[in-house]
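Heads up, the thing below is written out as structure tokens.
The values are calculated or read from the model by the stated rules, or taken from the named source; none is laboratory data. Since we're looking at a predicted model, the values are computed, not measured. Here the Cβ is made from the backbone with ideal geometry for all residues, glycine too, and neighbour counts use every protein chain on show. Just the protein is used for accessible areas: all its heavy atoms, side chains included, with ligands, DNA and RNA removed. Shrake-Rupley method; radii C 1.70, N 1.55, O 1.52, S 1.80 Å.
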Amino acid sequence: MGIILSVSRRTDIPAFYAPWFANRVRAGYAVTRNPFNPAQIKRVSLLRGDVDCTVFWTKNPAPLLAHLDTFPWPYYVQFTLNPYDRTLERSLSDKAVLVETFRELSRRIGRERVLWRYDPIILNDRCTIAYHQNAFTELCDRLAGYTDRVTVSFVDVYPKLRTSLIREITGGEIHELSAFIGQTARGCGITPYACCEALDLTPYGIRKGRCIDPDVVAHVTGKPCTAKPDRSQRAHCGCVQAVDIGVYNTCLHGCVYCYANHGDISIRKNAARHDPNSESLL
């Protein structure tokens, strides 16, 4: 069996590094470093015979559209589309433009290969339950017919996210929003899933989700997926193993809730080290 390629949990390669990735696909390989042991360098084959499926993660795949014909293997796209303004997503494109990008990508590759992510769900003085109810309804209406599923998650407030813009969400709030999300999504023909949630949301019609999902991989590739569970991920994660070629601390969206970045100065320094003709992202 070939590998499942993750592009990427660590940064938004489609949005910021699409030319580099297309160059690496044409070259047939990429070089990546272990983020926890930088001395450990790995050459990853991108050849059709070595890659079973690729999973893209992005908040703006528009730069990737010009390269879709470059990819020799089956793939699908995890497209995060949230209702936040630039208070929380400081450098993201206009949401109306992103909705149209979502639709265009769906028309190009098929609705079953564009998986909508509405996550993380954040509550604060402005982003109330009513705010999310209105926003989620509007996005469901606009994306109906362009995707088969939506994955939701509720923000985990770990030490890095100690900010007045993000607060803990109570169990009662999770249940209230989940009931609304489950009913609203299904009413638009979109199946809801939950990512890494400890609470059982199946009573609301929200299934347990897996972002790198063997069922989706099997559907996209047309053959069974025998990849093993990925034990290196968070608790309650159901993903199977994949090889990620991204680099932490290189995403330029500026999302306040991001777990993959450490600070604006280091992000800018890393981005300046990028060469689209290099074997590795940096």
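Quick check on the range 209-242: of everything there that is touching a residue at least 24 places away in the same chain (Cβ under 8 Å) and part of a helix (DSSP H, G or I), which residue is surrounded by the most Cβ atoms within 10 Å (Cβ to Cβ)?
Among those residues, the one meeting the criterion is V217.
Has the range 105-120 got any residue that is on the phi > 0 side of the Ramachandran plot and free of Cβ contacts under 8 Å to residues at least 24 places away in the same chain? I'd like the intermediate steps shown before the answer.
Taking the range 105-120 as the starting set, the residues that turn out to be on the phi > 0 side of the Ramachandran plot are 110.
Remaining after also requiring free of Cβ contacts under 8 Å to residues at least 24 places away in the same chain: 110.
The answer is yes, given that some residue of the range 105-120 is on the phi > 0 side of the Ramachandran plot and free of Cβ contacts under 8 Å to residues at least 24 places away in the same chain.
Quick test of your reading of the structure: S178 fulfils all but one of (1) small (G, A, S); (2) assigned to a helix (DSSP H, G or I); (3) in contact (Cβ under 8 Å) with a residue 12 or more places away in the chain; (4) within 19 Å of Q241 (Cβ to Cβ). Name the failing condition by number.
(4)
Here are R48, R43: which of them is surrounded by 14 or more Cβ atoms within 10 Å (Cβ to Cβ), of a type in the set (K, R) and farther than 30 Å from L201 by Cβ? Break it down stepwise before answering.
Numbers: R43 fails: surrounded by 14 or more Cβ atoms within 10 Å (Cβ to Cβ).
Answer to the check: R48.
Within the set of pairs 6 or more residues apart or between chains, which connect a residue that is over 15 Å from W20 (Cα atoms) and modelled with pLDDT under 95 inside the range 57-85 to a residue that is open to solvent by 10 Å² or more (accessible area, probe 1.4 Å) and part of a helix (DSSP H, G or I) with Cβ atoms less than 8 Å apart?
Cβ pairs passing all conditions: none.
Which residues, taken from the range 100-116, are open to solvent by 20 Å² or more (accessible area, probe 1.4 Å) and either touching a helix residue (DSSP H, G or I) at 6+ places or on another chain (Cβ under 8 Å) or under 17 Å from P83 (Cβ atoms) (or both)?
Result: E100, R103, E104, R108, E112, R113.
Checking the condition open to solvent by less than 30 Å² (accessible area, probe 1.4 Å) and polar (S, T, N, Q), which residue from T163, T137, T147, T128 passes?
Numbers: T163 fails: open to solvent by less than 30 Å² (accessible area, probe 1.4 Å); T137 fails: open to solvent by less than 30 Å² (accessible area, probe 1.4 Å); T128 fails: open to solvent by less than 30 Å² (accessible area, probe 1.4 Å).
T147 is the lone residue from the list that is open to solvent by less than 30 Å² (accessible area, probe 1.4 Å) and polar (S, T, N, Q).
Going through Y259, Y248 one at a time, which residue ends up being hydroxyl-bearing (S, T, Y), open to solvent by 20 Å² or more (accessible area, probe 1.4 Å), within 15 Å of the chain's Cα centre (by Cα) and modelled with pLDDT under 90?
On the way: Y248 fails: modelled with pLDDT under 90.
From the options Y259, Y248, the qualifying one is Y259.
Every residue in the range 87-99 that is touching a residue at least 40 places away in the same chain (Cβ under 8 Å) and surrounded by fewer than 20 Cβ atoms within 10 Å (Cβ to Cβ), please. Please lay out each step first, then the result.
If we filter the range 87-99 for residues that are touching a residue at least 40 places away in the same chain (Cβ under 8 Å), which is where we start, we get 87-92, 99.
Within the range 87-99, T87, R90, S91, V99 qualify.
Hey, can you tell me all the residues within the range 181-195 that are among the polar types (S, T, N, Q), surrounded by 15 or more Cβ atoms within 10 Å (Cβ to Cβ) and in a helix (DSSP H, G or I)?
Passing the criteria: only T184.
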